[in-house]
Amino acid sequence: MLTVEELQVSINSVRILRGVSLRVARGQLAGLIGRNGAGKTTLMRIIIGILAPTAGTVSMDDAPLSRLSPHQRARRGIGYMPEDRRIIPQLTVEENVMLPAWAAGAKSGSERLARIYRMIPEVEALKDRRGLQLSGGQQKLVALARALMSGTRVLLLDEPFEGVAPVLARRLGEVIAMLRTEGLSVLLSESDLVHARALLDVVFSIDRGVVSAGEGASP
């Protein structure tokens with residue numbers, strides 16, 4: 001469903017990605033594993049459209065995404081959970097979660113919100129709290145819920161387990177495992193497999209901007 005082919009990216013004359021190719025099928029949870037600075041976040045920002053590649057293509061269901069802006073890609077069903085969460089402190093939790101639907105003018109936002117609340121009831125319990133009142137772990141759950149608002153087909157999760165307590169890491173793992181039943185294509189980045197190993201169908205390793213197929217993945 002999600003296809004990346006021969007992506008190359010240079011920033012300030014420094015090559016960040018070097019011919020990256022990978023595929024994530026419908027309903028598949030794929031891991032992108034590599035140390036900090038390996039290129040994980042850069043790849044995700046290219047897929048969502050925040051950065052433009054120097055060369056290569058990104059497509060979904062064989063339809064190229066290169067001409068689409070980030071909000072147009074969100075309308076196509078791609079959701080992105082950034083590593084730093086990006087929760088807006090002055091808005092309530094529910095307003096933060098609804099932002100992608102409002103930006104896209106989606107008519108099904110309320111229905112989608114109800115579905116997300118059923119998946120992550122902890123977020124519904126926080127819905128009237130402002131972003132600045134949330135702990136780091138709570139912000140992770142809200143950021144995941146917000147990504148699910150637009151991510152109806154493809155979900156990009158950038159280091160969802162980083163910096164969270166073990167109890168919350170287990171809960172995040174439970175929610176992410178449920179996404180398989182939603183038919184989503186999920187690409188999840190982490191620096192290691194400590195929390196994600198049991199969740200993933202395939203693993204891609206990234207090192208110095210080069211991706212190689214790992215366990216469960218075709219070369």
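The values are calculated or read from the model by the stated rules, or taken from the named source; none is laboratory data. The model shown is predicted, which means the values in this text are computed figures rather than measured ones. When we count neighbours, we look across all protein chains shown, and the Cβ atoms used for this are built from the backbone with ideal geometry, even at glycine. Surface areas here come from the heavy atoms of the whole protein model, side chains and all, with no ligands, DNA or RNA. Shrake-Rupley method; radii C 1.70, N 1.55, O 1.52, S 1.80 Å.
In table form, for the structure just shown:
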{"item": "Anchor Lys140: aspartates and glutamates whose Cα lies under 13 Å away (excluding residues fewer than 8 positions away in-chain)", "result": "Glu83, Asp84, Glu122, Asp158, Glu159, Glu162"}
{"item": "Exposure rank, largest accessible area first [Ser135, Ser59; 1.4 Å]", "result": "Ser135, Ser59"}
{"item": "Carbon plus sulfur fraction of accessible area for the chain, probe 1.4 Å, in percent", "result": "49 percent"}
{"item": "Cα-based helix-to-principal-axis angle, 136-150 vs the chain, degrees rounded to 10", "result": "80 degrees"}
{"item": "Relative contact order (%) - the range 98-219, alpha-carbon pairs under 8 angstrom, separation at least six", "result": "19 percent"}
{"item": "Global geometry of the range 111-219, whether rounded, prolate or oblate, following the gyration tensor of its Cα atoms and the 1.5 cut on a/c", "result": "prolate"}
{"item": "Ranked packing of 94-101, 110-117, most packed first, by mean Cβ within 10 Å", "result": "94-101, 110-117"}
{"item": "Mean separation of Cα contacts under 8 Å, 6 or more apart, over the residue count of the chain: relative contact order %", "result": "31 percent"}
{"item": "Options (i) 28, 27, 18; (ii) 27, 19, 16; (iii) 43, 17, 13 - which one matches semi-axes √(5λ) of the Cα gyration tensor in Å as calculated here", "result": "(ii)"}
{"item": "222 nm mean residue ellipticity, helices alone, for the chain (DSSP H n ≥ 4; -39,500 (n - 2.57); rounded to 500)", "result": "-9500 deg cm²/dmol"}
{"item": "Whether the range 172-214 is rounded, prolate or oblate, judged on the alpha carbon gyration tensor where a/c under 1.5 counts as rounded", "result": "prolate"}
{"item": "Which of Ile206, Ile16 is most accessible, then next, and so on - probe 1.4 Å", "result": "Ile16, Ile206"}
{"item": "Three-way shape call for the range 1-75 based on the alpha-carbon gyration tensor, with the a/c threshold at 1.5", "result": "oblate"}
{"item": "0 to 90° range, to nearest 10: angle between helix 166-178 axis and the chain longest Cα axis", "result": "80 degrees"}
{"item": "DSSP bridge pairs, the chain: antiparallel proportion in percent, nearest 5", "result": "55 percent"}
{"item": "Acute angle (nearest 10 degrees) that the helix 93-104 long axis makes with the longest principal axis of the chain, alpha-carbon atoms", "result": "60 degrees"}
{"item": "Two-site label geometry, Arg180 and Ser69: point separation in nm, points 7 Å out along Cα→Cβ", "result": "3.8 nm"}
{"item": "Gain upon complete extension [Trp102, Glu6; 0.36 nm per residue less C-alpha separation]", "result": "31.2 nm"}
{"item": "Accessible area in square angstrom per residue, the range 80-219, 1.4 angstrom probe", "result": "47 Å²"}
